[in-house]
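Report on the structure given below.
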Amino acid sequence: MSQEHFGMKIAVYPGSFDPVTNGHLDIIRRSAKVFDKLIVAVLNNTSKNPLFTVEERTELLQKVTSDLPNVEIDSFRDLLINYMKDKNAHLIVRGLRAVSDFEYELQMASTNQKLDENIETFFMTSTPMYSYLSSSIVKEVARFHGPVGDLVPVEVEKALHRKYART
Ligand code: ADP
């Protein structure tokens, strides 16, 4: 593959981000230093029954990354590689927490590469303090009004309080 094929290094960090956690934010901050541009792409996946709408998830991501000039927030509902073609991006970033993430991530990375040989997936290992942090754990704690201040940015903490106050 030719060098110039990659040109500007645009990476896509896809995920549900329901909601964004400090673990996601850590991956975003660290990978924004490595790539020229990072597009955080919220998957509009109706089958997952999310707590936050795509608009809410996007808005929260925008708020917590507003200090990062080369990070863009977007959403997609298409197959990831088709979305990436539209964005002229060839690099995928994913976070790896524990061994449990590995098999699924390997499956996705090899599938994406089979679908488009120009796609490369980069894995960033989680900062140890966030290795056991997931959006589902955060929701579980917040649902029972437990403290999530160490797990998510303050904007997300407020949004969780609002969600669970209403229901
Ligand atoms: P998905 O539904 O695609 O797994 P998530 O929002 O749960 O979406 O996660 C998006 C990406 O962020 C995945 O690569 C996941 O492994 C990674 N990730 C999630 N939580 C953390 C964390 N605490 N530390 C590092 N990476 C994480």
Item to check | At most 12 other Cβ within 10 Å, DSSP loop - trypsin sites (Lys or Arg not before Pro), the range 62-167 | outcome: Arg77
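So what is the relative contact order of the range 3-131, in percent, for Cα pairs below 8 Å that sit 6 or more residues apart?
Taking the mean separation of contacting Cα pairs over the length of the range 3-131, I get 30 percent.
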Checklist entry - How big is the equivalent ellipsoid of the range 107-148 along its three axes, where each semi-axis is √(5λ) from the Cα gyration tensor, reported in whole Å from largest to smallest? => result 33, 13, 6
Checklist outcome for this item: Val12 neighbourhood, Cβ < 9 Å, K/R = +1, D/E = -1, net charge 0
Checklist entry - Got a sec? Charge dipole of the range 3-131, +1 on Cβ for Lys and Arg, -1 for Asp and Glu; which of Ala98, Phe52, Thr121 is way out at the positive end? => result Ala98
Next on the checklist: No solvent, one uniform scatterer per C-alpha: report log10 I(q)/I(0) for the range 3-131 via the Debye equation at q = 0.21 1/Å, two decimals.
Outcome noted: -1.44
Next on the checklist: Full-extension gain between Ala165 and Met108, please, as 0.36 nm times their residue separation minus the C-alpha to C-alpha distance.
Outcome noted: 16.9 nm
Checklist entry - Which is farthest toward the positive dipole end of the range 3-131 among Gly7, Pro69, Gln107, measuring Cα position about the Cα centre, with Cβ charges +1 (Lys, Arg) and -1 (Asp, Glu)? => result Pro69
Checklist entry - Relative contact order of the range 58-167: what whole-number percent is it, with Cα pairs under 8 angstrom and at least 6 residues apart? => result 24
Checklist outcome for this item: Taking a crude spin-label model, label points 7 Å out from Cα along the C-beta direction, the Glu120 to Lys33 distance in nm is 2.0
Checklist outcome for this item: Net charge near Ile92 (other residues with Cβ under 11 Å of its Cβ; Lys, Arg +1; Asp, Glu -1) is -2
Item to check | Within the chain, longest stretch free of exposed chymotrypsin sites (Phe, Trp or Tyr not before Pro) [DSSP loop, at most 13 other beta carbons within 10 Å] | outcome: 1-131
Checklist entry - Between the range 42-91 and the range 92-136, how many Å separate their Cα centres? => result 16
Checklist entry - Points 7 angstrom from Cα along the Cβ direction at Glu59 and Tyr132: gap in nanometres? => result 3.3
Checklist outcome for this item: Of all GluC sites (Glu not before Pro) in the range 116-157, the ones in DSSP coil with at most 15 other Cβ atoms within 10 Å are Glu117
Checklist outcome for this item: For the range 58-145, the Cα gyration tensor yields equivalent-ellipsoid semi-axes (√(5λ), largest first, whole Å) of 25, 19, 13
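FYI, it's all coordinate maths here, none of it is from the lab. Here the structure is a predicted model, which is why all the values come from computation and not from measurement. In this analysis, Cβ positions are derived from the backbone assuming ideal geometry, glycine residues included, and neighbour counts consider all displayed protein chains.
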